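Each value in this text was obtained by applying a stated rule to the coordinates, not by laboratory testing. Since the model is a prediction, treat every value here as computed from it, not as a measurement. A quick note on method: Cβ atoms are made from the backbone with ideal geometry, for glycine too, and the neighbour counts reach across all protein chains shown.
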Amino acid sequence: RKRVVAFISGGGSNMLALAKAAAAPDFPAEIVAVFSDKAEAGGLEKAAALGIPTRAFPRRDFSGKEAHEAAILAALDAHAPDLICLAGYMRLLSAAFIARYEGRILNIHPALLPLFPGLDTHQRAIDAGMRIAGCTVHFVTEGMDEGPSIVQAAVPVRPDDTAGTLAARVLTVEHRSYPLALRLVAEGRVRMEGGRAVADGPLPSVEGA
Ligand code: GAR
């Protein structure tokens, strides 16, 4: 089983979806630790309740981005992860960090990338008059919410949607998309090569999405 460290900043529902999928004996990856840049992230307690080791690295405890990332990298080494899953981690990793784990960092974003990267995605999708929305799990490269897509899933945008109701609907497909993407990468069925996601054959999609 591939060793995965999940990075969170908030409630951690995507991290929990990964941990629940990984509880199945045939799942090809396990969550060996959960790291957060926020000591108060709700997901930390949820991970601890499942017996997963957690660590918080509050940014203000460090003199700068480099020192912050150096501490995280040192702690990562101790867990010897094969993969890193960013799951609502609201901080950009430096190019040097990404280079250390090239092709081995995944992120989930609650939009159909390359549309609506960054913050406030749901309101922007509504304001643009989108009739579908969704999520993207992708390999992390240097730009924010860039990098080749591994799994996408779509949901309808309803006429009476607010950013909140749309976010909740997208979240339901996030929880199915991230475990699928992690499975595909952990099994080596999708990899990043030359900045592209490469698959050996046809890939399953998120059921019902
Ligand atoms: C999720 O919707 C995730 O896609 C989003 O933050 C939420 C975290 O929820 N990530 C981003 O916006 C990254 N650009 P969670 O903590 O319950 O998984």
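Points to keep in mind about this one:
- Per-residue ³J(HN,Hα) for the stretch 88-101, Karplus 6.51 cos²θ - 1.76 cosθ + 1.60, θ = phi - 60°, Hz, x for Gly and Pro: x, 8, 9, 8, 7, 7, 6, 4, 5, 4, 4, 4, 4, 10
- Size of charge dipole - the chain - debye, nearest 20, with Cβ of Lys, Arg +1 and Asp, Glu -1, no other charges: 220
- Per-residue 3J(HN,Hα) values for the stretch 180-190, derived from phi via the Karplus relation 6.51 cos²θ - 1.76 cosθ + 1.60 with θ = phi - 60°, read 5, 4, 5, 4, 4, 6, 5, 7, x, 7, 10 Hz in sequence order (x marks Gly and Pro).
- Ordering of 171-178, 119-126, 3-10 by burial proxy (mean other Cβ atoms within 10 Å per residue, highest first): 3-10, 171-178, 119-126
- Packing here is the average count of other Cβ atoms within 10 Å per residue, and on that basis the peptides 49-58, 29-38, highest first, run 29-38, 49-58.
- J(HN,Hα) series, the stretch 115-120, from Karplus relation 6.51 cos²θ - 1.76 cosθ + 1.60, nearest Hz, glycine and proline x: 6, 6, x, x, 8, 6
- Pairwise label distance in nanometres, Ala71 with Thr162, each label 7 Å out on the Cα-Cβ vector: 3.7
- In this structure, the amide hydrogen of Val151, modeled 1.01 Å from its nitrogen in the peptide plane, lies closer than 5 angstrom to those of Val137, counting only residues at least 5 positions away or on a different chain.
- A cut-off of 5 Å between modelled amide H atoms, ignoring neighbours fewer than 5 places along the same chain, links Gly134 with Leu112, Val155.
- Backbone amide hydrogens, once placed in the peptide plane, bring Glu146 within less than 5 Å of Thr141, excluding anything fewer than 5 places away on its chain.
- Ranking Phe27, Val185, Gly195 by Cα position along the charge dipole of the chain, where only Lys, Arg, Asp and Glu carry charges on their C-beta atoms, puts Phe27 farthest toward the positive end.
- Kirkwood hydrodynamic radius (C-alpha pairs) into Stokes-Einstein, the stretch 53-202, 10 °C and 1.306 mPa s, D in µm²/s: 96
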